[in-house]
1. In the chain, what percentage of the DSSP-assigned beta bridges are antiparallel, given to the nearest 5?
2. If packing is taken as the average count of other Cβ atoms within 10 Å, what order do 129-135, 401-407 fall into, highest mean first?
3. Convert 20 °C to kelvin, take the viscosity as 1.002 mPa s, use the Kirkwood radius over C-alpha pairs of the range 99-223 as Rh, and evaluate the Stokes-Einstein diffusion coefficient in µm²/s, rounded to a whole number.
4. Rounding to the nearest 10 and keeping the result within 0 to 90°, find how far the Cα-based axis of helix 423-435 lies from the longest principal axis of the chain.
5. Provide, in order from the shortest bin, the percent of all Cα-Cα pairs of the range 212-265 in each 10 Å bin, continuing until the bin that contains the maximum pair distance.
6. Quick check on the range 1-144: what does the Kirkwood estimate of hydrodynamic radius come out to from the alpha carbon pairs, in Å?
7. Any idea what Rg and Dmax come out to for the range 138-198 if you just take the C-alpha atoms, in Å?
8. Compute the long axis of helix 10-28 from its Cα atoms, compare it with the longest principal axis of the Cα atoms of the chain, and write down the angle in degrees, 0 to 90, nearest 10.
Amino acid sequence: MEENRNYQTESDREKNRETVRQLFEFITASPSPFHAVQNMRQRLEAEGYQQLLESRSWELQEGGRYYVTRNGSSILAFRIPKKDFRGFQIMASHSDSPSFKIKEHPEMEVEGQYVKLNVERYGGMLCAPWFDRPLSVAGRLVVREGSRLVTKLVSVDRDLVMIPNLAIHMNREANDGYKYNAQKDLLPLYGMGCEKGTFMKQIAEAAGVCAEDIVGNDLFLYNRMGGSIWGAEEEFMSIGKLDDLQCAFASLQAFLTAEDGDSIPVHCVFDNEEVGSGTKQGAASTFLLDTLLRINEGLGRTNGQYHQALASSFMLSADNAHAVHPNQADKACPTNRPYPNGGVVIKYSANQKYTTDGMAAAVFTRICEAAKVPYQTFLNRSDLPGGSTLGNISNTQVALNTVDVGLAQLAMHSPYETGGVKDTDYLIRAAKQFYQTSVVEESEGVYKLW
């Protein structure tokens with residue numbers, strides 16, 4: 001579906017910019033997966049959604065609005081339009097991004113002068129862009145309160161550390177390519193002459209707790225640079241964590257504004273996609289399966305009715321896609337070449353790294369056409385291996401028709417990524433139409449969109 005890439009009206013342009021500003025606010029307030037889920041929880045509760053605990057019984061009502069979390073870093077939200085629903089309309093994204101995780105006992109002294117922090121890589125990041133930019137620390141603490149262990153979120157809201165580059169005079173081959181050693185080259189500088197233990201004291205102070213009460217933590221570095229809208233016609237936008245908080249944001253916006261249809265809409269955000277999803281809160285876990293089964297059980301439906309509902313269910317696996325690079329255009333597939341501001345990207349892979357097949361693509365293109373949203377296609381070059389994402393992994397637990405989609409971006413897995421100003425609105429519109437639609441299996445190979 002083609003569209004003129006120029007803005008049609010000034011009001012359209014301002015709407016896109018306002019959506020991007022809201023996206024920037026969401027990402028800035030989400031320096032870790034735990035914060036991203038907390039922000040979504042707060043938004044859901046403001047809209048009347050009730051928290052369910054996996055450790056408690058669920059009493060579900062027609063018209064009810066609910067959400068459930070796992071590990072504080074994954075979340076599923078759903079509402080029940082009616083008990084005799086047709087199926088589930090699920091949009092899945094992920095809360096994590098490549099970063100550096102703070103190790104236990106992180107402080108390392110250097111010649112009695114510097115103190116640096118011991119960290120390890122989380123996910124497959126581009127290393128070079130992490131140098132020479134202001135960074136800080138965010139995540140969760142586990143705090144002892146009497147006989148209870150309580151989770152506290154923490155974000156040090158100031159420029160705290162930096163990874164300094166080695167001067168060109170000391171590494172004349174730096175611009176000829178360099179293989180970074182994660183234990184030597186990528187450790188952030190924290191201070192000069194600080195006593196050991198001051199780091200956790202600063203973290204405790206930022207969280208409003210006593211350092212002695214901290215018994216566990218999951219802390220990560222994050223980029224402090226704010227979002228920017230730029231370009232000749234302000235057509236680009238850049239910020240950290242576009243992959244994949246842009247899709248998570250669009251999914252939540254669409255979920256909350258979509259009208260009820262004949263199926264149960266499910267907003268689903270997993271953690272740990274960047275490290276393979278094989279955790280209790282990842283796409284390979286039973287989190288989605290457990291939740292759908294409990295919805296079915298809570299509405300008094302049989303196991304057979306659950307499987308009938310799955311046959312008329314659909315998933316959007318939403319994780320961003322690679323745009324054609326302006327300086328490396330030959331790295332893209334010769335005939336499938338997505339660009340920023342070109343619309344939602346449908347991702348294909350013959351080896352099923354992406355789950356899209358002919359039927360799933362046909363369903364989603366119909367949804368895009370109904371929403372008046374342009375779409376593009378992405379495949380890797382046939383001689384270059386690609387990554388995988390949520391759809392094929394979650395399908396090992398919950399098998400249903402799935403299409404992999406995303407938004408075209410540059411510099412994926414950099415701490416500062418770039419996309420198109422128009423694309424977030426495109427995905428919100430497509431996702432809203434998706435949530436309002438039911439995809440019903442009428443017979444073998446025949447589906448009807450309601």
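1. Counting only bridges with both partners in the chain, antiparallel ones make up about 70 percent.
2. My ranking of the peptides, most packed first, is 401-407, 129-135.
3. 137
4. With both axes taken from Cα atoms, the answer is about 40 degrees.
5. 16, 28, 26, 21, 8, 1
6. With all distinct Cα pairs of the range 1-144 included, I get 19.6 Å.
7. Gyration radius and largest Cα-Cα distance of the range 138-198: 18.2, 57 Å.
8. 60
All of the numbers you see were taken from the coordinates with simple rules; none came from a lab. Nothing here was measured: the structure is a model prediction, and the numbers come from that model. Virtual Cβ from ideal backbone geometry, glycine too; neighbours counted across all protein chains shown.
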